[in-house]
Amino acid sequence: MVFQELKGKVAVITGGSMGIGSAIAKRFAEEGMKVVINYHSHPEAAQELVELLKETGGEGIAVQADVSSEADVQKLVDTAVEHFGGIDVWVNNAGMENKHNTHELPLEDWKRVIDVNLTGVFIGAKAALNYFVTNNKKGNIINTSSVHEQIPWPTFAHYAASKGGVKLFTETVAMEYAARDIRVNSIGPGAINTPINAKKFADPKQLEATTSMVPMQRIGDPSEVAAAAAWLASDESSYVTGITLFVDGGMTLYPAFQDGKG
Ligand code: NAD
């Protein structure tokens with residue numbers, strides 16, 4: 001346990017059954033937090049995670065919900081309140097991506113990625129804000145954005161557009177609720193070793209291509225993103241709102257300029 005004040009606090013984590021979301025759930029449980037783990041389509045992974053948290057002395061509950069549905073997301077609020085007595089931290093982490101040339105990108109794929117990555121962040125943030133405002137509580141919202149809120153990503157135009165949207169959404173809502181002591185921040189992961197990248201990183205050529213874009217010359221571990229989430233959730237970041245904390249080994253630092261090129 002690093003941040004003592006997190007002990008007993010309640011967090012909701014969307015897309016929490018695997019990858020970065022499950023790393024955040026584990027880290028929050030290590031900090032003594034109670035965690036509502038939202039999953040979309042992997043109940044067994046979510047249940048395994050709940051059992052794992054129990055073994056390590058933590059507390060969690062798994063809830064199925066599609067983050068693009070307001071009714072589903074309300075289930076997460078209700079579960080947190082009924083089982084754990086409230087909400088302190090809300091993590092909008094669920095996300096998806098798929099690759100298409102933009103001139104061939106099916107409208108359904110565009111809509112689905114925007115629905116999950118951007119509208120899902122709005123729906124989650126709205127639910128959390130509503131809870132904090134109605135109960136006159138201070139609050140903390142953390143969005144998992146991406147380096148692609150800043151770096152263009154050809155053939156992933158819908159993904160980049162969704163994360164660019166998350167950036168200005170985060171900044172706007174942070175400003176709107178700052179005076180109520182509700183903090184809203186994003187984390188911008190770079191290349192992290194999670195199921196979303198499993199196929200890509202299993203191919204040595206693609207792994208090397210990605211690593212070469214990281215000044216620290218390695219892929220990140222989900223626990224390194226979770227550490228940033230724990231800090232943002234804690235009072236150690238009490239004067240921080242509206243930022244994107246990049247956790248990217250330097251990927252946003254224009255690595256093409258390495259060695260004084262340019
Ligand atoms: P992942 O595929 O392992 O996890 C994504 C999670 O989101 C899964 O649990 C999935 O079930 C969930 N999800 C997808 N659609 C959903 C929906 N409609 N409702 C509820 N949950 C849904 O990938 P990850 O790498 O852990 O990604 C987590 C977040 O981090 C995403 O927002 C992603 O865009 C972002 N991110 C990841 C990386 C990386 O390199 N891994 C880099 C930058 C940003």
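Data for the structure
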read-out	value
0 to 90° range, to nearest 10: angle between helix 120-134 axis and the chain longest Cα axis	30
Centre separation in Å (Cα based) which lies between the stretch 209-262 and the stretch 108-155	19
Cα-based radius of gyration of the stretch 4-249 once divided by 2.2 N^0.38 Å, which approximates compact folds	0.96
Residue-averaged 222 nm ellipticity for the chain, from DSSP H runs of 4+ at -39500 (n - 2.57), nearest 500	-13000 deg cm²/dmol
GNM result for the chain, Cα springs below 10 Å: residue of Lys111, Lys137, Lys163 fluctuating most strongly	Lys111
Nearest-ten-degree value, helix 43-55 long axis tilted from longest Cα axis of the chain	60
Trp110 - accessible surface, heavy atoms, 1.4 Å probe, Å² rounded to 10	100
Rounded to 10°, Cα long-axis angle of helix 19-30 versus longest principal axis of the chain	40
Net charge dipole size for the chain [Lys, Arg +1 and Asp, Glu -1 on Cβ; Debye, nearest 20]	340
Taking N as its residue count, the alpha carbon Rg of the stretch 184-262 over 2.2 N^0.38 Å	1.25
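The values are calculated or read from the model by the stated rules, or taken from the named source; none is laboratory data. For clarity, every value in this text was computed on a predicted model and none was experimentally measured. Note that we place each Cβ from the backbone using ideal geometry, even for glycine, and neighbour counts take in every protein chain shown. Heavy atoms of the whole protein, side chains included, go into the accessibility calculation; ligands, DNA and RNA do not. Shrake-Rupley method; radii C 1.70, N 1.55, O 1.52, S 1.80 Å.
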